[in-house]
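Encoded as structure tokens, the structure appears first; notes follow it.
The values are calculated or read from the model by the stated rules, or taken from the named source; none is laboratory data. What you see is a predicted model; the values in this text were computed from it and never measured. All Cβ positions, even for glycine, are placed from backbone atoms using ideal geometry, and neighbour counts span all protein chains on display. Heads up: the accessible areas ignore ligands, DNA and RNA and are worked out on the full protein's heavy atoms, side chains in. Shrake-Rupley method; radii C 1.70, N 1.55, O 1.52, S 1.80 Å.
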Amino acid sequence: MDLLPRSPGEFGSARYWDRFFRQRGQRSFEWYGAFPELCPVLYKYVRPRDKVLVVGCGNSELSEQMYDVGMCEDIVNIDISDAVIRQMQERSGSKRPKMSYLLMDMLQMDFPDTHFQVVLDKGTLDAVLTDEEEATLAKVDKMFAEISRVLQVGGRYLCVSLAQAHVLKKAVEYFSQEGWVVRVHQVGGSEDKQQFVLPVFVYVMTKFRKIPGSAPQILEICPEEEDKPMRVESAERLVAAVKDRQHYALLCSQLSKTPCGEQVSLDLCNKESGRPRYTLHVVDSASVKPSRDNHFAIFIIPQGRETEWLFGTEEGRRHLAGSAGFRRLVTVALHREQRYEGMAGIQAELSGKVMELAPPGLPARQQVPFLSVGGDIGVRTVRHCDTSPLSGEYVVEDVKGDGTCYFRRLIFLRNRNVVQSEARLLTPMPLPGQKKRRKEKKKPSPTEPPAAIDKSYLCCEHHKTMVAGLCLLGGPDPLPGTGLAVLVVGLGGGSLPLFIHDYFSQAHVAVVEIDPSMLEVATRWFSFSQGDRMRVHVSDGLDYVAKLAAEAPAQYDAIMFDVDSKDLTVGMSCPPPAFVEKPFLQKVKTVLKAEGVFMLNLVCRDARLKESVLATLREVFPLLYACRIKEEVNEILFCQPSPERWQDPTELEARARALEGALRQPGRPWDTSYVLADMLQAIKIL
């Protein structure tokens, strides 16, 4: 049976609706949601003594149910279909004497001005506003004008809608410009998810006298689970907030029906600030065999550990889901700007929401476990926040790692999932809830000296790899050190240049850093200091190297680039593209000694761009070795200007073993054997 119109314009035709209701017969047709879902919202805005007008009533049972439960009895229903009005008059008849059904066009109503306290519209606006053609918009303006005319001041226009963007935008703009208060409610979902996927909304437009001049708009949204409305600043933000909820509903519907092939990510935001509070990743593991108890689990990532490979990468999360043994695992990352009341508080806050992401086939009343590392939510203490004109917002924070170690990190908030610099702390932080000794002094303020930094420990694997690359240097001594000149471009927290300075006692280190704020951060928070053998030059690395090439060629034994790109739109986050252009690389080669080594930290997710970078490097440097950092995107490139540098790999192997032995001392663990193995293998292939 064909009940749908041949074109959207037919939704405004009386002939179409007559045919529709004759074919449908006595069965009621509920556009969006049944009375039980709408009832909580209607009770807020419809009082028993109100006069209520229902426009485009159709054969919905909504008016009858409102009457029967005592919500309101003085209800007038109008529709342009003669067939449905006669049908409804027969159906209600003497059962509901105070309720009436009238054949009337809502664009030209016969009621006097200010006759009603409530106008109720269930899907009628959606049926009329099918497009944004001029004629359609004119019809909607006429509809709104008539509704405004028949409503009293203080009256409410309640519009039940699927909230398509153009429909919501039109309603919000029209009534807010008239000085009305606009509030949008999300209606509680139906139990029948298969039948109805999209969420239903109720626009509540409250009529006020229009104030001359530019009165502020009052726009609010009430999420499904909240009674308290949230103010939004513009119609665009209101439309965007509704769109977010629609996308979430579609996502939940999809996840409830089929396993997700790709990992799904979403943010749950703090309702007060609008900032992300939780970041969720939904991971389905096809390798896990189904059983009654392994359908679904939630994993809370300890604070400060969200950047680790296991939690911060797709591959790591896939490995975690397989190891946990659940068919669907939702990982939850906690944000540094938020406060959390322990694992129990997080579980109470998330329990209802995460169940909306449950997999198909989850048994009824199945208990879903909340998992974590060690059963706690970790420790994160923000030590310093600031904004740099060059690097943007950044934060220095102390976090608890795996075990009893604590680490200090520098994070650029424009790329908050990447640790910019990291150092191990010598003095452990007190655990949450740990009792203070009586003689303990008051808690130090952020301006007091930080906990001591362990300068002997390199946290970043790519820094260890760069240090291991020093075995590539020529000279008679198998251990580099005497007169070693090193140029490091990119300071960060200063861990790499500090390590070279401290453990190669004769080395002279020059550091180039474009951002003076980073020198302040490294000095104050990471125990970085300058001296006779360590100097920092606040300059653009491009300009500094170009100047050296012109004035002091063949000056450095080792040049290390560890500089991030400020442009996140490029598929290469380290280094900036200008640092790997051929003319500049030729300047780098000029500054490097004949038997020196140039090391580049490359972070590139664009395969084509990466191949282009490698090709350019090979044009400038005859020898190029690449070492991929385990469980990271980073790749360290070792470049040398001499094509005959390593004819005998055994010489390099001896240098590598000597260097690693010197660095591995009691109390200072060191393992770069995999780096050296990769390097030797690359040289043997060459």
Restricting to the stretch 580-592, name every residue that is without any contact (Cβ under 8 Å) to a residue 40 or more places away in the chain and surrounded by fewer than 23 Cβ atoms within 10 Å (Cβ to Cβ). Glu581, Lys582, Pro583, Leu585, Gln586
Selection from the stretch 321-343 of residues that are part of a helix (DSSP H, G or I) and open to solvent by less than 20 Å² (accessible area, probe 1.4 Å): Ala321
Within the stretch 110-122, can one find any residue that is within 13 Å of Leu168 (Cα to Cα) and buried (at least 20 other Cβ atoms within 10 Å of the Cβ)? no
Verdict on Leu614 being more than 24 Å from Phe504 (Cβ to Cβ), assigned to a helix (DSSP H, G or I), open to solvent by 40 Å² or more (accessible area, probe 1.4 Å) and among the hydrophobic types (A, V, I, L, M, F, W, C): no
Give all pairs with beta carbons closer than 6 Å in which a residue from the stretch 619-635 that is farther than 28 Å from Gln420 by Cα meets a residue that is surrounded by fewer than 16 Cβ atoms within 10 Å (Cβ to Cβ) and not charged (D, E, K, R); count only pairs at least 6 apart in sequence or on separate chains. Val620/Gln586; Pro622/Pro643
If we ask which residues in the stretch 253-308 are among the acidic types (Asp, Glu), assigned to a strand (DSSP E or B) and out of contact with any Cys (no Cβ under 7 Å at 6 or more places or on another chain), their number turns out to be 1
Tally of residues being open to solvent by 10 Å² or more (accessible area, probe 1.4 Å) and either free of Cβ contacts under 8 Å to residues at least 24 places away in the same chain or touching a helix residue (DSSP H, G or I) at 6+ places or on another chain (Cβ under 7 Å) (or both) across the stretch 508-522: 4
Conditions: (1) modelled with pLDDT of 90 or more; (2) open to solvent by less than 50 Å² (accessible area, probe 1.4 Å); (3) of a type outside the set (S, T, N, Q). Glu306 meets all but one. Number of the miss? (1)
Considering (1) crowded, with 21+ Cβ neighbours inside 10 Å; (2) more than 27 Å from Glu581 (Cα to Cα); (3) of a type outside the set (Lys, Arg), say which one Pro497 fails and leave the rest. (2)
Anything in the stretch 87-104 that is open to solvent by 70 Å² or more (accessible area, probe 1.4 Å) and closer than 16 Å to Val55 by Cα? List them, or say none. Gln89, Leu103
For the stretch 93-105, enumerate the residues that are closer than 30 Å to Ala138 by Cα and out of contact with any helix residue (DSSP H, G or I) (no Cβ under 6 Å at 6 or more places or on another chain). Ser100, Leu102, Met104, Asp105
Residue list for the stretch 370-419, filter: closer than 21 Å to Glu520 by Cα, open to solvent by 40 Å² or more (accessible area, probe 1.4 Å) and either assigned to a loop (DSSP other than H, G, I, E, B) or of a type in the set (Gly, Ala, Ser) (or both): Pro389, Leu390, Arg416, Val418
What is the one condition in (1) closer than 21 Å to Val379 by Cβ; (2) open to solvent by 50 Å² or more (accessible area, probe 1.4 Å); (3) modelled with pLDDT of 55 or more that Pro444 does not satisfy? (3)
Would you check if there is a residue in the stretch 170-177 being assigned to a loop (DSSP other than H, G, I, E, B), within 19 Å of Ala235 (Cβ to Cβ) and open to solvent by 40 Å² or more (accessible area, probe 1.4 Å)? no
(1) touching a strand residue (DSSP E or B) at 6+ places or on another chain (Cβ under 7 Å); (2) farther than 25 Å from Arg605 by Cβ: which one isn't true of Phe311, the others all being true? (2)
What about Pro290, is it open to solvent by 20 Å² or more (accessible area, probe 1.4 Å) and at pLDDT 85 or above? no
Could you look through the stretch 127-146, keep only residues that are closer than 16 Å to Phe208 by Cα and more than 41 Å from the chain's Cα centre (by Cα), and pick out the one that is surrounded by the fewest Cβ atoms within 10 Å (Cβ to Cβ)? Ala145
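Here is a yes/no grid of residues against (1) modelled with pLDDT of 95 or more; (2) within 39 Å of the chain's Cα centre (by Cα); (3) closer than 18 Å to Tyr556 by Cβ:
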site	(1), (2), (3)
Val489	yes, yes, yes
Gly492	no, yes, no
Ile500	no, yes, yes
His508	no, no, yes
Val512	yes, yes, yes
Phe526	no, yes, no
Could you list, ordered by first residue, the pairs with Cβ atoms under 6 Å in which the first is in the stretch 200-213 and crowded, with 22+ Cβ neighbours inside 10 Å and the second is of a type in the set (Phe, Trp, Tyr) and part of a loop (DSSP other than H, G, I, E, B), at least 6 apart or interchain? Val200/Tyr32; Met205/Trp180; Lys207/Trp180
Test: Ala135 is assigned to a helix (DSSP H, G or I), more than 21 Å from Gln65 (Cα to Cα), assigned by the TED database to the domain that holds Val54 and free of Cβ contacts under 8 Å to residues at least 24 places away in the same chain: yes
Can you tell me which residue is modelled with the highest pLDDT among those in the stretch 627-649 that are surrounded by fewer than 17 Cβ atoms within 10 Å (Cβ to Cβ) and under 47 Å from the mean Cα position of the chain (by Cα)? Arg628
